[in-house]
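Shown next, in structure tokens, is the structure this report addresses.
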Amino acid sequence: MLPLPDASLAAIVCADTITVPKQIDTSYGRLDGDSAIAVALGAAIDVRGVRGAVDLRYRYLQSAGIFVTYEEGFGAGAEPVRLVVAGLELRPLFLARFLQGKELGLPRLDLFLDSLALELGTFVGQPALGGFGDSAGLSFALGLEFPLLPHPSGPMIAVRAALRWSREALSAADPTSVDVEAFVVTVAFGWQQLFGAHVVDALDEPRK
């Protein structure tokens, strides 16, 4: 009868033949920094023309933030000729999916899905035959960003669709007369950079 291998030899054989699957970090580095700055350049398109767009955003934990967007018609006949939009951004999917283990394990796809944003803001604009501020109202938008790299810091392509209501439409005496001022689609190329602002740490510091 052949002798049985000892325990040490069996352990070596097992170590060589069994591969333990590597655990995927489905945050993809989004928890490495509590804050992010995103900048994008693109075009805002509606039925009344095309304007160049510059967008700046601050995000906290990739879940909520603030933004400001400037649109400029450059005299190309767009209406209004220029516009500024500012407001709040809410990304409800990231923490909900991550904490429940619902991420797919595909970095670009998960980052794309989690980028779904609800935006509410106000705008001030300049009509072709008026001054800046003669046009104003509310804006509601949906946004998505597709990352070109498998992590949150880096280049991305952003697409947003917004409905804008003028103050004249919102103040109409007859509610049935409230119409959409504009439907605007913005396509932009940008960059997002995560960093640690330690906002939570600052709030948790004991008072002296």
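All of the numbers you see were taken from the coordinates with simple rules; none came from a lab. It should be emphasised that the depicted structure is a prediction, and the values quoted were computed from it without experimental measurement. For neighbour counting, all protein chains shown are included, and Cβ atoms are generated from backbone atoms with ideal geometry for every residue, glycine included.
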Quiz item: By the scheme Lys and Arg +1, Asp and Glu -1, what is the net charge of all other residues having a beta-carbon under 10 Å from that of Tyr70?
Solution: -1
Exercise. Starting with the fewest neighbours, write out Phe123, Phe195 ranked by other beta-carbon atoms found within 10 Å of each beta-carbon.
Key: Phe195, Phe123
Quiz item: On full extension of the chain, what length is gained from Phe189 through Leu56, given 0.36 nm per residue of separation minus the C-alpha to C-alpha distance?
Solution: 46.7 nm
